[in-house]
Every structure is written in structure tokens, then in C-alpha cells.
1. Please compute the modelled spin-label separation between B:D80 and A:D239, points set 7 Å along Cα→Cβ, answer in nm with one decimal.
2. Past 24 Å, Cα to Cα, is the threshold; run B:K46/B:K127; A:K222/B:K127; A:K152/A:K263; A:K150/A:K269; B:K94/B:K118; A:K130/A:K152 against it and keep the listed order.
3. If r is the Cβ-Cβ distance from A:S197 to B:V87 and R0 is 45 Å, what FRET efficiency results, to the nearest 0.05?
4. Report the Rg/Rh value for segment B:8-136, based on alpha-carbon coordinates and the Kirkwood definition of Rh.
5. Counting only C-alpha contacts under 8 Å and six or more residues apart, can you give the relative contact order of segment B:8-136 as a whole percent?
6. At A:Q257 and A:Q185, where each label point lies 7 Å from the Cα along Cα→Cβ, what is the point-to-point distance in nanometres?
7. Could you report the accessible area of A:M118 in Å², rounded to 10, computed with a 1.4 Å probe on the protein chains as they sit in the structure?
8. Around A:T177, which amide H atoms from residues at least 5 apart in sequence, or from another chain, sit under 5 Å from its own amide H, with H modelled in the peptide plane?
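The values are calculated or read from the model by the stated rules, or taken from the named source; none is laboratory data. What you are looking at is a predicted structure, and each value in this text was computed from that prediction instead of being measured. Please note: Cβ atoms are built from the backbone with ideal geometry, for glycine as well, and neighbour counts cover all protein chains shown. Remember, those area values only see protein heavy atoms, side chains included, never the ligands or the DNA or RNA. Shrake-Rupley method; radii C 1.70, N 1.55, O 1.52, S 1.80 Å.
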Amino acid sequence: MAENDGETIVPDEQCNLTASTPMKSSGLEQVESPKERKTSMVECDDEGNPSSGTPDESPKQLTPHSIPPRRRRSPRRPEVSASRLPLKVLNQIFQYLPLKDLRSAMLTCHSWNNALSMEDSDIWQYLLGKKLPEAAVSDPFLLAELGSAKKKLRAWYFAWNTSDISRNNYIRTNGFTVHRQPVAQSTDGVRGKRGISKGVHAFDITWDGPLGTVAVVGIATKHAALHCVGYVALLGSDDQSWGWNLVDNVLMHNGAQLGVYPKMNNPPKYEVGDKIRLIIDCDTHVAYFERNSEFLGIAFNHIPPLRLYPAVCAVYGNTEVTMVYVGSPQMG
Amino acid sequence: MSSEEQDVKIVTSDDVEFIVSPKIANQSKLLADFVVLNQREPIPLKNVTSEIFKKVIEWCEYHAEDIPKPPDNVEEKRTDDIGEWDVEFLKVDKGTLFELVLAATYLDIKGLFNVTCKSIANSIKGKSPEEIRAVFNLGNETNME
């Protein structure tokens, strides 16, 4: 608790004059309750003299209550509103908030929404550094297509799920690449962390290793199996998943082959390292793929209104698959 | 009183004069430069009222002997570490709290800036947008411009 420190106050007549100044200001501003401890806030210099103004400034009056006609008070500023806080202040405040509260802040008022819409601001840079693995942040290619810290952070929340994965798969330290271990007679899948049920969403999927005899990309509900014995096109083998086997270019759902994809004669084989973009349009209940930005046609339609997760299943030992969420795709 | 460093003279936006000791002024990066310069002319603070400046001085007096905190990029971004004295000090109306954070920004007093921002953040945590608007009195339509 702050108290008057006697050692810092020289109680002479001139010091009192300085101490009395706040009372004058208090009267001018009609402050209802003057602070009792104001004298402790003013200290005297070595000579114990309060300063005297230069001729350029309003002369200091000896009588506390007199108001010289020449004095000009600064116009009283309107009370500061939370919506008028400067960007530097907002950025500092928002850095203390978890994501859930940032969402509420975005919906609170226009200026806060503006501050949080700057996708490379300190807020998103800080969260990016805090949430993403160092291996992802320092990889120059992994998230290169995502143009902002906020988008990279969002991709992290959609990445492969370390706790929703076959036991023969593991997620590499970058958090975005699944690695299948060399286990015989096993098919192993993984789901993304976050499912979607409305809107249009795009996921970039790259098979970084050999395909083997089965390499399926697609979508799955929460209940689709992620492991089975043998080398099976597991994704698409039941009514809970839809898959595109890149090895033979066949679409699968509910155990049935839906035909060749892309829908053309002799569709080209997938080249390892090509980027496949999976687009799920929940509003029209369709899913389709692009390969190296080329639209390949509708793959699945009449998809039921369920929460859907991006998924892959693999059989080849030490193969790897990377998935990066990109949000709503650019409509060309 | 140190013979090397002189008090600095401040005039707030409402024309109130203050004499501030170096141990207080040096907590403000803005004012610390004037201590070094041995500035004799009063320093006008056009953005700070006397009422707010008194509170700033009160905070600086209490924290005059604080050991400097580690840099921001090392510090964990937590808001549950506001000291007991600061908690009481910041029990003011929201308008005063905002004026304090603006004064801390203008005067460049890092500790006061951080603690006021944390206090405001604590008023946001766990609340819906409607609740935040109510807490900060953002009901006017003009605030939604």
C-alpha cells in the first residue's frame, strides 16, 4: 500500500504550493473525490523549489483557486472506448487470449475484428510459434502455399491426428506427415484432427513415398475403421468412408467400385510427389479432386450430411503422406 | 537526491505541473531521456491528464525497485501472475483502465503496459461477444462502425 514517504517530502511553504496544484485541477475538472495521497506523488528538487514557468507558458499562479483568463485548458478528451484502443495495445491484449476467446473478440466489435483479421500480426505469429512444431515452421516447402501465420496455424488444427491413427502409423515431428512402418499384411490409415460438416474445404495431400499395391485418399466419418489385416482398399470399403485408390485409379464407397477416376480413357497414373487437392463441398454434398491444380471431375456425390474427416490408408512400408488444410479453395 | 540526475518537470494535458524524481522518470523510456539530458524546461504531456498521471506515478513509486522482467519473447503469455498490489491498483472503472494503458504506451512504461493489458485480457477471457460488449460498454451502434 502506498503511503507518504516522509523522507521524500520537504514540507516547506513552496513545496506546499506545488502539492496544492492538483486540488486546483480537481476543482476545474469537477472531480468528485480528490485523492488523499496526491502529495506523495510530487517530489522537490535539490533546492526544494517548484519549477517556475518560462515566459512562453502560462504563468503559475500563487493562489490555488484563481483561474487566469489567458489559461487554455486542453479540450477534455472523450472517454476512451475499448473499440478505440490502438492496434499496438489490442495486439498485446489479444496475445494473452486463447483461441476460443480470440474468436469471441473477433465478434465483439469492428475494430477488434480488423485487428484480428491481419493474418500476419503479432498475435498469429506468436500462436504459430507456440503451437506448431519447430520442424513445421522451419520447413520452407511444407506450408509454403499458405500465405499467412493465421492460415498456417489453422492448418495445424486440421493436420493428421496423432490419437486417431492405426498403431502401425506415426506422425512425423512436423505434425503434418504420416509415416507407415514396415508391417506385413496390414492396412493402416489415419484421420485428420478436425472434421467438417458445412462449407467448402480443401486439403492438399501429397504421397511422399511409394504407393505399393494400395494407396487410397479420401474421406471418412469418425466411425470408419483405420486398420485391418491384409492389403485392402480399406477407405471406401464400407458406408463410413469414400476413397480413391491411386494405384488403379478406382473410386470406392460401401465396398463397391464406382468406376475409374479421373473419368476418361486411360487416366494417368499418380506420380509420387504430385499434389492432390481434396475438395469437400458440404453444402452440395459432393467431393472431388484436383491434381496439380487441374480439376478431375466430381468423385463422390450424395454424401450424407455427416461430419467428414480427410483420411488416407496405406500398405507400403516406410511410405509417407502429407496433408495440409488450405481452407476454402479459390474458385476458378 | 543524486547530484548527477535532476528531477524532471511535467505539465499534463490539463496544465497541471508535476516534479518527478529520476527514480520515477527512469521507468518511462520517454521521460528517461529527459533525465539524461538534464532538461530544465517543463515537458508537456499532451496525451495524459493529471488524474491519470497521478496514478501512473503511484504505480511507478511502488515498482521503483522492481527487478526488470525477461524480454517478451521469452515470457509466457499468462495473465494470472498479476501481483496483489497491482490487482488492487487496477480496480478502477474501464475508462480509467484504458487511459492507463494509453498512458503506459505513450510514456513507454513496459511493466505498466503489460499489467494493464493483462487486466483487460482477464476481462475478456471466458466471455461471449455479448458479455464482452456489456463489460466494456460497447452497446452503442456507433461502436460497430
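1. 4.7
2. Cα-Cα > 24 Å for B:K46/B:K127; A:K222/B:K127; A:K152/A:K263; A:K150/A:K269; rest within.
3. 0.55
4. Rounded to two decimals, Rg over Rh is 1.00.
5. Normalised by residue count, the contact order of segment B:8-136 is 25 percent.
6. It works out to 2.5 nm between the two label points.
7. 90
8. Here A:R172 satisfy the definition.
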